[in-house]
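**Student:** Sharing a structure, written as structure tokens. Questions coming.
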Amino acid sequence: MEKLKVIWKDRKRPIFGLPLSFTKYTLLEDKILIDTGFLSTKQEEIKLYRIMDATLKRSFWQRIFGLGTIHCCSADKTTPEFDIVDIKNSFEIKEKISKMAEEQRDKKRITGREVFGEEDCDLDDVHE
């Protein structure tokens with residue numbers, strides 16, 4: 001089994017920008033992993049080529065502590081929308097995710113119709 005290179009890794013930073021959370025984010029070459037929990041754990045895996053849109057949201061408090069939240073809409077059936085919450089360098093990470101998602105779609109020669117289908121992400125539901 002081929003081991004994928006870790007591009008970026010961080011934890012949710014809910015208190016004063018400190019990584020005091022059991023939510024971990026890992027960006028690999030072809031997917032994003034979101035690990036949550038302490039005693040009982042859950043790992044969500046979203047293939048990059050399925051990500052349709054990434055939106056950066058930064059509240060007043062997030063800006064003070066140098067954090068941001070990336071809201072992603074995907075064509076993944078089990079995770080159509082997800083947030084990467086309270087992370088450092090959020091603008092750079094959002095740009096990296098968008099670029100890598102496009103590269104993965106090009107690499108796999110996937111057209112918009114194959115990925116996006118009929119469903120659409122409602123950006124009005126993005127949480128602060």
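The values are calculated or read from the model by the stated rules, or taken from the named source; none is laboratory data. As the structure is a prediction and not an experimental result, all values here were calculated from the model. Positions of Cβ are backbone-derived with ideal geometry, glycine not excepted, and every protein chain shown enters the neighbour counts.
**Student:** Return only the number of the condition from (1) surrounded by 11 or more Cβ atoms within 10 Å (Cβ to Cβ); (2) modelled with pLDDT under 55; (3) touching a strand residue (DSSP E or B) at 6+ places or on another chain (Cβ under 7 Å); (4) among the acidic types (Asp, Glu) that Asp86 does not satisfy.
**Tutor:** (2)
**Student:** Now for a separate question. From Thr36, Thr78, Thr55, which residue is of a type in the set (Ser, Thr, Tyr), under 24 Å from Met100 (Cα atoms) and touching a helix residue (DSSP H, G or I) at 6+ places or on another chain (Cβ under 7 Å)? Before you say what the answer is, go through the steps one by one.
**Tutor:** Working: Thr36 fails: touching a helix residue (DSSP H, G or I) at 6+ places or on another chain (Cβ under 7 Å); Thr78 fails: touching a helix residue (DSSP H, G or I) at 6+ places or on another chain (Cβ under 7 Å).
Of Thr36, Thr78, Thr55, the one residue that is of a type in the set (Ser, Thr, Tyr), under 24 Å from Met100 (Cα atoms) and touching a helix residue (DSSP H, G or I) at 6+ places or on another chain (Cβ under 7 Å) is Thr55.
**Student:** So, one more: Just to verify a result, which residue in the stretch 1-46, among those that are free of Cβ contacts under 8 Å to residues at least 60 places away in the same chain, of a type outside the set (D, E, K, R) and within 17 Å of Pro80 (Cα to Cα), is surrounded by the most Cβ atoms within 10 Å (Cβ to Cβ)?
**Tutor:** In this case the residue turns out to be Ile46.
**Student:** What's the number of the condition Tyr49 fails, among (1) touching a residue at least 12 places away in the same chain (Cβ under 8 Å); (2) outside any helix (DSSP H, G or I)?
**Tutor:** Here Tyr49 meets the rest and fails (2).
**Student:** What are the pairs, 6+ residues apart or on separate chains, where a residue within the stretch 52-75 that is over 13 Å from Leu18 (Cα atoms) has its Cβ under 6 Å from a residue that is among the aromatic types (Phe, Trp, Tyr) and surrounded by 15 or more Cβ atoms within 10 Å (Cβ to Cβ)?
**Tutor:** As it stands, the answer is Met52/Phe116; Cys72/Phe82; Ala75/Phe116, since those pairs meet every condition given.
**Student:** Follow-up question, since we're still on this one. Across the stretch 66-80, what is the number of residues that are touching a Phe, Trp or Tyr at 6+ places or on another chain (Cβ under 6 Å) and either at pLDDT 95 or above or within 17 Å of Glu95 (Cβ to Cβ) (or both)?
**Tutor:** 1
**Student:** Does at least one position in the stretch 8-31 carry a residue that is out of contact with any Lys or Arg (no Cβ under 8 Å at 6 or more places or on another chain), modelled with pLDDT of 95 or more and closer than 30 Å to Lys108 by Cα?
**Tutor:** No: zero hits.
**Student:** Could you list, in sequence order, the residues of the stretch 1-23 that are in contact with a Ser or Thr (Cβ under 8 Å, 6 or more places away or on another chain) and under 27 Å from Glu102 (Cβ atoms)?
**Tutor:** Result: Val6, Trp8, Lys9, Arg11, Lys12, Thr23.
**Student:** Within the stretch 8-42, work out how many residues are part of a strand (DSSP E or B) and touching a strand residue (DSSP E or B) at 6+ places or on another chain (Cβ under 8 Å).
**Tutor:** Number of matching residues: 17.
**Student:** Any residue at all in the stretch 93-110 that is modelled with pLDDT under 95 and part of a loop (DSSP other than H, G, I, E, B)?
**Tutor:** yes
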